[in-house]
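Novice: Just passing along the structure, written as structure tokens.
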Amino acid sequence: MAKAFPIQYDREKARKAFTEFLMTREQEMKQLAQDIGYPTTGNDWQEKTLLFCLDVNSCYLDLSKGNMDSREIFKCTSLMQLMAKNRPLIEQQKIQDLAYNIAEDFKDLYAKQD
């Protein structure tokens, strides 16, 4: 896993979950990466895309709580702008939903690891 993987995850457990996750969802991650302008060649593009998804997921959860500091608000706004760039609303929603669902599915697989 990338060194920047969120600290709340055990690295070995996360690596196992991520390997399993890629078996079924790599194409969706590739599509998302292309939609947001991440290159899908080179090292660690899958991990970077997953980190993006986890950040989007975190923003959704934080926004629903309503008590965010200015740094978190700026981060979430930046993520939303990246997903909205020159796209109609329906495409924006598709990208946001895909990112959120990828993160949720990864977290489910992570929780099932021994």
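Novice: Report, by residue number, each residue of region 15-45 that is without any contact (Cβ under 8 Å) to a residue 24 or more places away in the chain, in a helix (DSSP H, G or I) and in contact with a helix residue (DSSP H, G or I) (Cβ under 9 Å, 6 or more places away or on another chain).
Specialist: Passing the criteria: T24, E26, K30, A33, W45.
Novice: Going by what's in this entry, would K107 be described as assigned to a helix (DSSP H, G or I) and without any contact (Cβ under 8 Å) to a residue 40 or more places away in the chain?
Specialist: No.
Novice: May I pose another question? Could you grab the pairs with beta carbons closer than 9 Å, sequence gap of 6+ or different chains, first residue in region 74-101 and farther than 17 Å from A33 by Cβ and in contact (Cβ under 8 Å) with a residue 12 or more places away in the chain, second one small (G, A, S) and part of a helix (DSSP H, G or I)?
Specialist: Correct list of pairs: K75/S58; C76/S58.
Novice: Name the residue that is surrounded by the most Cβ atoms within 10 Å (Cβ to Cβ), counting only residues in region 86-97 that are charged (D, E, K, R) and either under 17 Å from the mean Cα position of the chain (by Cα) or in a helix (DSSP H, G or I) (or both). Quick ask: steps written out before the conclusion?
Specialist: Within region 86-97, the subset charged (D, E, K, R) is 87, 91, 94, 97.
Add one more test, that the residue is either under 17 Å from the mean Cα position of the chain (by Cα) or in a helix (DSSP H, G or I) (or both), and what stays is 91, 94, 97.
Values: E91: 13, K94: 16, D97: 11.
Here the residue is K94.
Novice: Still on this structure, please answer the following. I'm checking my understanding of the structure. Among residues of region 50-79 that are assigned to a helix (DSSP H, G or I), surrounded by fewer than 16 Cβ atoms within 10 Å (Cβ to Cβ) and among the hydrophobic types (A, V, I, L, M, F, W, C), which one is nearest to the chain's Cα centre (by Cα)?
Specialist: Once the filter is applied, the top-ranked residue is L61.
Novice: Is there a residue being hydrophobic (A, V, I, L, M, F, W, C), under 18 Å from Y100 (Cβ atoms) and at pLDDT 85 or above anywhere in region 7-17?
Specialist: Yes, some residue in region 7-17 is hydrophobic (A, V, I, L, M, F, W, C), under 18 Å from Y100 (Cβ atoms) and at pLDDT 85 or above.
The values are calculated or read from the model by the stated rules, or taken from the named source; none is laboratory data. Keep in mind it's a predicted model, so treat the numbers as computed, not measured. Using ideal geometry, Cβ is built from the backbone for each residue, glycine included, and neighbour counts are taken over all protein chains shown.
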